[in-house]
Each structure stands twice: as structure tokens, then as C-alpha cells.
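In what follows, a single structure is set out as C-alpha cells and then discussed.
The values are calculated or read from the model by the stated rules, or taken from the named source; none is laboratory data. Quantities reported herein were computed from a predicted structural model and do not represent experimental measurements. Here the Cβ positions follow ideal geometry from the backbone for every residue, glycine too, while neighbour counts run over all protein chains shown. Note: areas computed on protein heavy atoms with side chains; ligands, DNA, RNA excluded. Shrake-Rupley method; radii C 1.70, N 1.55, O 1.52, S 1.80 Å.
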Amino acid sequence: MSVALGIPRLRTSAPAAGREGAGATAADLLTPLPADRPPVTAAPGLLDKHGRTATDLRVSLTDRCNLRCTYCMPPEGLDWTPASQLLSDDEVVRLITIAVERLGVDEVRFTGGEPLLRKGLERIVAATSALRTADGRSPETSLTTNALGLHRRAAALASAGLTRVNASLDTLQPERFAQITHRDRLHDVLAGLRAAADAGLGPVKVNAVLLRDTNDDEAPDLLEWALREGYQLRFIEQMPLDPHGAWDRSQMVDAAEVLASLASRFQLTPEPSSVRGSSPAELWHVRRPGAPADGEELGSVGVIASVTRPFCADCDRTRLTADGQVRECLFGSREHDLRALLRGGVTDEQLADAWRGAMWGKVAGHGSDDPAAVGFGQLPTRPMSAIGG
Ligand code: SAM
Ligand code: SF4
């Protein structure tokens, strides 16, 4: 079954642009904190009505990309958000500052699109790492990237205060890489990963998506390689977040299949779930077949089963899109327009309140594996590249 998501592929404006254009003032857009939310003095953070508190901020710095991964973007690209609608570097830094200093965020991850395409990235990273959380620490500041060009920038990013890199790589075969991404750049990605590790941006985590009849036979090779290079490999189930509606649940390579494939070459032992915390990855200890259970470990591997075993109950994320919309969840369609407020001249505390109010309504779970939900408004109105993966 192929599911058309109805995601508008050609988007020329953010949801808020119409409201700004219609002459609404920032004051019109301010709404009081929900009456059922505890007062700010009792709960200053990004609490939601299901009892979770978001402390992990994903910031998308652009919706553009220099690859065209088939599960993420059509070969011709998308209709990129106009520059005037994107937050400026100063605006991004102001919102991150509010998140860290007033809302309890202690982890900031830059993403996109491809965040390395953002010219001001080093400056934004430096400003972020100079912030202090309530307990006086610098927020953990990381980057999710396709690693193109990272070999030239890893050292500067590390000096700016970046602590870690998550990179995406689905295959080690150059022809397959070109088939999946529509670009012949595997060697650049490998150079970027090495440079990140050498610059101390580790542990470098590598995210891989397996696609039916494309790279679904490559899980053991990818793991062998990652163990050898000292990278932490994580397989991600393909999610229904592509803009062209190509996701097909019956074709998805799920977590169970990934684990079965890895078990053909490795012995896997699950890490106790108590160690997982709010991390989306289920971790497995890796040994050679036949090794004793307490024998030498080669390393670990993660599986992010976003579709078949969603981790919504432990979700601690809040998202800011490149055009200044807060999203409570990667899935769903609700966005809250901080850009209009910010450009309308409201105070930091009013922005903080708007963010608190947005997160209070976060849904309990996304239900993307529920056939009844698919196509009935539960899925996002923007592709992953525009939300920030
Ligand atoms: N361009 C950067 C990159 O590729 O790492 C950052 C943005 S990308 C949207 C972030 C992550 O989302 C990547 O690891 C990518 O593999 C993953 N991703 C994109 N579309 C996906 C989909 N439909 N299902 C699962 N993961 C997806
Ligand atoms: Fe670009 Fe990342 Fe999407 Fe691939 S997954 S097209 S690298 S944004």
C-alpha cells in the first residue's frame, strides 16, 4: 500500500506568513498560557499535559540540501523557503538563548535540510555554547549533517564549541550512494566523518536508513565498518516524512528485520531499557558469534524504531524550524509562530510564554504506524527536510 500524504511539495510560505501579511500585530498573536497549565513559577520549563518536559531543542537552520536522498527529497529539490522568511542568525540565537536561559533546554542540536549550508553556523554554534543552563553548564551542542564539506569545517566547529556530530550514511558502495542521494559524493562524506572524529567531535554517530531492494543487504557491512572506524552506528526505520508520498509501510525495512540481518554476522545482546532514558535508540552490545556473554565486546549498535516501536512516552524534544515555527512533534501539523511574535517586538518573557503554551498541547503519541491515522491529518504538513530531522 502506498500512502499519499498530501504534503504540499511546492511551498512558498510558512503558515504564519499570511497572518503577518494580513496586518495582525504581535499582540494579536499573543495568547495567554493555557488555564490548566501550572503557573510559570511552579513549572518554568517546557512541560506538556502528559507530564513530559522538553529539554532537547532541535533547530533547523535551513530547508536546503546538497543531496537528494530518495526517502527525503525529490531529485529536483523543493521550493526553498525565501530568505526573508528564514530567521536571521541573531533571531535564531535569541530564541536559543530564551530556550536555554528561561525554558530549561540543556541540549541543542542543529539540523536541516543540511545545516552546513548555513553560512553563520560557526557563529551560531559559538553563541549557543557560550550560554549557561540553570546549573551553570554549557548546553550540549551537536549537529546532524550529511557531512559534505565537514572535512573543511570540523576543526572550526569544534573550536566554536560544538560537542558532537551525527552524520547520515546509508551505504558504503559508491554506486549505491549515488543511487540513493543522486550525487556521487561518498568519498566526501567519509572524509567528513574522519575529520569530525579527528577534531574530537565524537563519539561520531552514523545514522543509516535501509531501503528495500536498494541497501537492505548492507546492515552487517555497515556495522563492521563502523566498529572498525570507531563510529556508533544507528539504523533508523524509514518514516512517512517524504514530500512525494512514496513511503510504503509494507516495503519498510523494520527494526526486527535489521536485527535479524545483523544477527547473521554478530551476536547481539540488548542493553537494559533502564539505560536508554529518553534516547530514541535501543542499544545492542555486539560480539562475534559464539563469544561468551561476558566475552569481549566489539562495540554497540542502535536501532531507532520510530514507526514500529515509537518512543513518544519518553520524548523530551521541542523543535524550531528555520522559519521560526515551534513544533511540539516531528509528526502532526501544529506549528506555533514565534517569528511573527519576535518580529512584532514582544519581550523575551512573552516569547518564552508562547513557547510554553505551544508545548503544553503536545500530543501523547504520533501514531504513524496506525493505518487509521495515515492520511487523516496525523502526518506532518511539511517534509522532514523542512521541519528538521
Ligand atoms: N541533512 C542532514 C542529514 O542528512 O543528516 C540533516 C537533516 S536529515 C532530515 C536528518 C536525518 O533524518 C538523517 O539521518 C536522515 O537519514 C533522516 N531522514 C530523512 N528522511 C527520513 C525518513 N523519511 N525516514 C527516516 N529518516 C529520515
Ligand atoms: Fe539532505 Fe539530509 Fe534529506 Fe538527505 S536526509 S536529502 S542529506 S536533508
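Per-structure values
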read-out: Some residue of the stretch 205-213 being away from ligand 1 (no atom under 11 Å from the Cβ) and open to solvent by 30 Å² or more (accessible area, probe 1.4 Å); value: yes
read-out: Out of Leu131, Leu148, sole residue that is more than 16 Å from ligand 2 (Cβ to nearest atom), touching an Asp or Glu at 6+ places or on another chain (Cβ under 7 Å) and modelled with pLDDT of 95 or more; value: Leu131
read-out: Criterion violated by Gly192 - all others in (1) of a type outside the set (A, V, I, L, M); (2) open to solvent by less than 10 Å² (accessible area, probe 1.4 Å); (3) within 28 Å of Ala256 (Cα to Cα) satisfied; value: (3)
read-out: All positions within the stretch 53-79 that are open to solvent by 20 Å² or more (accessible area, probe 1.4 Å) and near ligand 1 (Cβ under 10 Å from one of its atoms); value: Arg64, Cys65, Asn66, Cys69, Thr70, Tyr71, Cys72
read-out: Residue within the stretch 100-112 that is open to solvent by less than 50 Å² (accessible area, probe 1.4 Å), part of a loop (DSSP other than H, G, I, E, B) and within 16 Å of ligand 2 (Cβ to nearest atom) present; value: yes
read-out: Which listed residue, of Asp89, Asp48, is modelled with pLDDT of 90 or more, open to solvent by less than 20 Å² (accessible area, probe 1.4 Å) and not hydrophobic (A, V, I, L, M, F, W, C); value: Asp48
read-out: Per-region count, the stretch 76-122, residues over 23 Å from Ala156 (Cβ atoms), among the acidic types (Asp, Glu) and in contact with a Leu (Cβ under 7 Å, 6 or more places away or on another chain); value: 2
read-out: Selection status of Arg234, among the charged types (D, E, K, R) and open to solvent by 40 Å² or more (accessible area, probe 1.4 Å); value: no
